[in-house]
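Below: the structure, in structure tokens.
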Amino acid sequence: MKSLQQVLTQGEQSITKSDEVSKPPARECPHCKKLLEPIQIAILGQTRWGTVTCPCETKARETLEKEKRRREWLTLCHEFTSRDKLLPKATLENYENRMGCTNASKIANNFVDTYSEWQSERPGLGLYFNGSNGLGKTHLLTGIYKALLQRNVSAVFMTTYHMFQRFREVAKVDDYEYEKRLLKVLYSCEVLLLDDVGGEVPYDSRAEKLLDVINTRSQKRPIIYSSNFTQAGLEQWMGNQGKRIADRILENAITITLDGESNRGLINDEHHDWLSGRVKGLG
């Protein structure tokens with residue numbers, strides 16, 4: 001009679017021989033067509049055949065996963081965009097270059113066309129379009145938003161009223177997951193477009209929310225604003241936090257006044273020289 005050890009040893013030898021006989025054929029990498037020979041792997045004292053993954057396959061898988069995460073992120077940004085406030089037919093191409101708005105149009109187009117250069121040279125530098133009603137500020141923001149999406153930039157268009165409304169909804173239902181997603185979008189989208197700043201009732205709590213978003217994105221990711229107010233007017237309108245908000249906007253955005261009575265519109269002096277080197281024909 002065979003001992004237990006002999007039986008186990010014979011069994012291991014049988015498994016190994018079986019594995020050796022059943023060696024799988026080499027397979028071809030679907031990307032580079034390289035032949036990949038299987039390798040033997042020792043597991044718990046037994047030898048098994050294992051397939052080899054080509055670096056091409058690993059890279060392709062990582063690329064697919066990255067693209068999937070990117071699509072999910074863009075979908076989340078789209079979810080929080082005020083889509084009903086976008087002008088359906090508005091683009092940068094069909095913006096009417098009326099008197100006092102030429103500079104605004106040129107700068108908007110330059111921001112979109114050379115977005116990567118803007119972020120490299122002036123990280124987080126945005127735009128603050130201000131002027132009276134009827135000069136096309138929302139048209140410009142809609143056009144910028146659509147053009148950025150075409151370039152696969154994660155952009156979010158929101159009226160400030162809609163942003164504050166979202167925060168009120170969070171406070172009512174105490175929905176942590178919703179608030180987490182909202183803040184992630186406001187803080188981390190590549191470009192945030194806030195339309196009609198100052199168009200809502202100026203409570204201090206709302207001003208604090210706006211200031212929090214501005215501070216978090218400061219010198220990292222740009223905000224593009226539209227408002228009927230000059231920065232001085234916005235400072236007065238936003239109450240106790242008005243000066244802090246106006247100062248932060250001035251630090252992180254080029255102020256462009258759409259002025260129907262001037263030839264091209266006005267730009268704050270701080271960034272004029274830098275812009276003049278980038279935008280042809282700037283007044």
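Put simply, the amide H of residue 256, placed in the peptide plane, has neighbours under 5 Å in 128, 129, 130, leaving out anything fewer than 5 places away on its chain.
The three principal axes of the Cα atoms in the chain give end-to-end lengths of 108, 47, 33 Å, sorted in falling order.
Between residue 176 and residue 74, what's the calculated FRET efficiency when r is the beta-carbon distance and R0 is 25 Å? Round to 0.05. FRET efficiency, residue 176 to residue 74: 0.60.
With coordinates expressed along the principal axes, the C-alpha atoms belonging to the stretch 144-204 extend over 37, 28, 14 Å, beginning with the largest.
As a test of the formula, what do you get for the chain when each DSSP H run with n ≥ 4 contributes -39,500 (n - 2.57) and the sum is divided by the residue count, at 222 nm and rounded to the nearest 500 deg cm²/dmol?
On the way: 11 runs with 140 residues, N = 283.
Per the formula, -15500 deg cm²/dmol.
Using alpha carbons only, how many degrees (0 to 90, rounded to 10) separate the axis of helix 242-252 from the longest principal axis of the chain? Tilt of helix 242-252: around 60 degrees.
Measuring with a 1.4 angstrom probe and ignoring ligands and nucleic acids, residue 31 comes out at about 100 Å² accessible. Under 16 Å from a label point 7 Å along Cα→Cβ of residue 85: give me every residue in the stretch 219-237 with its amide N that close. Only 223-229 fall inside the zone, counting backbone N under 16 Å.
Residue 51: net charge of surrounding residues, Cβ under 10 Å, Lys/Arg +1, Asp/Glu -1, itself excluded?
On the way: positive: 27; negative: 37.
Every neighbour counted, the sum reads 0.
Using the Cβ of residue 139 as centre and a radius below 14 Å, the other residues enclosed give a net charge of +1, where K and R count +1 and D and E count -1. Helix 55-79 and the longest principal axis of the C-alpha atoms of the chain enclose an angle of approximately 30°. Placing dummy labels 7 Å off each Cα toward the beta-carbon, the span from residue 96 to residue 169 is 3.4 nm.
Given all pairs of different Cα atoms, what value in angstroms does the Kirkwood hydrodynamic radius of the stretch 111-178 take?
Working: mean 1/r = 0.0689 Å⁻¹.
When all Cα pairs of the stretch 111-178 are included, the Kirkwood radius is 14.5 Å.
For the pair residue 67 and residue 236, a Förster radius of 51 Å applied to the C-beta separation gives a FRET efficiency near 0.60, rounded to the nearest 0.05.
Between residue 212 and residue 251, the simple spin-label model (points 7 angstrom out along Cα→Cβ) gives 1.8 nm.
Angle of helix 176-188 to the longest C-alpha principal axis of the chain, folded into 0 to 90 degrees and rounded to 10: 70°.
Which net charge results for the neighbourhood of residue 114, defined as the other residues with beta-carbon distances under 15 angstrom from its beta-carbon, given Lys and Arg at +1 and Asp and Glu at -1?
Details: positive: 106, 122, 151, 278, 280; negative: 113, 117, 121, 190.
So the surrounding residues net to +1.
What you get for the chain, charging only the Cβ of Lys and Arg (+1) and of Asp and Glu (-1), is a dipole of about 880 debye around the Cα centre.
The values are calculated or read from the model by the stated rules, or taken from the named source; none is laboratory data. What you see is a predicted model, and the numbers here were worked out from it, not measured in a lab. Virtual Cβ from ideal backbone geometry, glycine too; neighbours counted across all protein chains shown. Ligands, DNA and RNA are excluded from the accessible area calculation, which covers all protein heavy atoms including side chains. Shrake-Rupley method; radii C 1.70, N 1.55, O 1.52, S 1.80 Å.
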